[in-house]
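Input: a single structure, listed below in structure tokens.
The values are calculated or read from the model by the stated rules, or taken from the named source; none is laboratory data. Just so we're clear, the structure is a prediction, and the values are computed from it rather than from any experiment. Cβ sites come from the backbone with ideal geometry, for glycine too, and all protein chains shown count toward neighbours.
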Amino acid sequence: MRISSLRTHQIRCSCQTSRVRSSRQRRAAPVSHEPTRVNEVIDQSLSLMREQLKLRSIEVVLDLDPSNPVVMANAIRLEQVFMNLLTNARDALAETQNKVIKIGSRIESGSVVVAFEDTGPGVPPELAHRIFDPFFTTKDVGAGTGLALSIAYGIVKDHEGAIRLDNRPGEGATFVIELPLARGESASEAAEA
């Protein structure tokens, strides 16, 4: 490939990255948020992925808050986040003997915390700081677009939440999402629902 061709591809990638970043900042129409039970969205996401996980002999362990916490969210977009994290975990387990994904939810300090943990290789420490960048991937060339975690990051931010990677190189990775508990919901009120 000639240098001029490489430069053209570099410019195209740079433009694509700018478009993805700016699309996060300006939305054509606001997305409606309504009371959404997090555990139900997790269950729905799992139902869509269950067969893929089963075919790859991946065990799923659930530790969901029995109060089924409520957040103000767009359930479809939240499902997209969970699907992206499940897909990411599924792919991370491809070369692993012990194939387990643990999903947990809990209420903590006025937030709903959701964690997706896998027993894959984790993220190389020198790359972990780039994990939410658009078009960044640790997968082989052609195996991923590098957009799933960036999209998940944008959606969580749109929900006034936070997402982070708790990385354990050689042991796995955990993606932790924190979303504000819906107003009027406390741990005791959610438990009564």
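For the range 134-193, the set of residues classified as under 13 Å from the mean Cα position of the chain (by Cα), modelled with pLDDT of 75 or more and either at positive phi or among the charged types (D, E, K, R) (or both) consists of Lys157, Arg164, Asp166, Glu178, listed by residue number. On the stretch given as the range 70-82, residues that are within 14 Å of Val113 (Cβ to Cβ) and without any contact (Cβ under 8 Å) to a residue 60 or more places away in the chain total 1. Of all residues in the range 43-69, those satisfying the criterion of being touching a residue at least 40 places away in the same chain (Cβ under 8 Å) and of a type in the set (Asp, Glu) are Glu59, Asp63, Asp65. Under the condition of being crowded, with 16+ Cβ neighbours inside 10 Å, over 14 Å from Phe82 (Cβ atoms) and hydrophobic (A, V, I, L, M, F, W, C), the residues counted in the range 51-67 number 1. Select from the range 68-107 the residues that are surrounded by fewer than 19 Cβ atoms within 10 Å (Cβ to Cβ), of a type in the set (Lys, Arg) and more than 14 Å from the chain's Cα centre (by Cα) and list them in ascending order. Matches in the range 68-107: Arg106 only.
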